[in-house]
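This report refers to the structure that appears directly beneath it.
The values are calculated or read from the model by the stated rules, or taken from the named source; none is laboratory data. In this text, all values refer to a predicted model and were calculated from it rather than measured experimentally. Counting neighbours? That spans all protein chains shown, and the Cβs are built from the backbone with ideal geometry, glycine included. Each accessible area value is taken on the protein alone, full model and side chains, heavy atoms only, with ligands, DNA and RNA left out. Shrake-Rupley method; radii C 1.70, N 1.55, O 1.52, S 1.80 Å.
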Amino acid sequence: MPLWTSVAELAERLSGPAEQVAPLLLGALLSHGGVTVRLTEVEAYAGPADPGSHAYRGRTARNATMFGPAGHLYVYFTYGMHFCANVVCGPEGVPFGCLMRAGEVVEGLDTARQRRLGSSDRDLARGPARLTQALGLTRAADGADLSRGPVRLELGEPVTQVSTGPRVGLRGAPERPWRFWITGDPTVSVYRPAKALDRPRRAP
């Protein structure tokens, strides 16, 4: 059973700093489009105090949802081909968010397989773009109220075995251990550091 009954109650549980909310999302159920995923890996982003955050340089049309109330979904398009999804957290006006990096499909397995043709069941939602694809999430879901649907988040009992480490592929604040995952879960994605920038050499 979920631990909330209204948008206000869900928002209250998600109202803390991103790095405190992120572990609470582990084991939570995210449902959309006939598929439910149990979250196994998330990353925290702390807005204007975090060079890795989309909101680091302020509000834009793209990231506006992050500045709204907690308990809503922020969806963005990246690399010209993928959607990724975040749970908005923190107090309204402070753009905190938690990227949902990976999960296990626990309902709607056949539907997820159709959306992710050729994928193993372990890899259906193993990675942030795969997760949104398995759930059928696009930019159209940006701003969705996670307590009411069509995208629905159900928080469960806190997970006891949690590992932490640096976030994946970031050049901004790469040292922060704000990636959280369920220890030993096979659906957790592979850690990759940011690629080095190719800078032109100066003439001697």
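Table for the structure above
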{"quantity": "Estimated dipole of region 1-85 in Debye, rounded to 20 [Cβ of Lys and Arg +1, of Asp and Glu -1, Cα centre]", "calculated": "260 debye"}
{"quantity": "Integer Hz, Karplus 6.51/-1.76/1.60 couplings in order for region 68-82, x for Gly and Pro", "calculated": "x, x, 5, x, 10, 9, 10, 10, 10, 9, 9, 6, x, 8, 10"}
{"quantity": "Accessible area of region 61-136 belonging to carbon and sulfur atoms, whole % at 1.4 Å probe", "calculated": "51 percent"}
{"quantity": "Accessible solvent surface per residue of region 1-115, calculated while the other protein chains remain in place, 1.4 angstrom probe, Å²", "calculated": "42 Å²"}
{"quantity": "Vicinal HN-Hα couplings computed from phi for region 43-49 (Karplus, 6.51 cos²θ - 1.76 cosθ + 1.60; Hz; Gly/Pro x)", "calculated": "10, 9, 9, 10, x, x, 9"}
{"quantity": "Under-5 Å amide H pairs with Val162, H placed in peptide plane, nonlocal only", "calculated": "Thr183"}
{"quantity": "Nearest-20 debye value, region 62-204 charge dipole, Cβ charges on Lys, Arg, Asp, Glu", "calculated": "940 debye"}
{"quantity": "Directionally averaged shadow of region 85-138, computed from the convex hull of its alpha-carbon atoms, nm²", "calculated": "4.1 nm²"}
{"quantity": "Excluding exposed DSSP-loop trypsin sites (Lys or Arg not before Pro) (at most 15 other C-beta within 10 Å), longest clean stretch of the chain", "calculated": "63-121"}
{"quantity": "Cα gyration tensor category, rounded, prolate or oblate, for region 40-144 with a/c compared to 1.5", "calculated": "prolate"}
{"quantity": "Value in Å of the Kirkwood radius, where the chain supplies the Cα pairs that are averaged", "calculated": "17.0 Å"}
{"quantity": "Amide H partners (placed H, <5 Å) of Ala70, local residues excluded", "calculated": "Glu92"}
{"quantity": "Estimated [θ] at 222 nm from DSSP helical runs (n ≥ 4, -39500 (n - 2.57)) normalised by residues in the chain, nearest 500", "calculated": "-4000 deg cm²/dmol"}
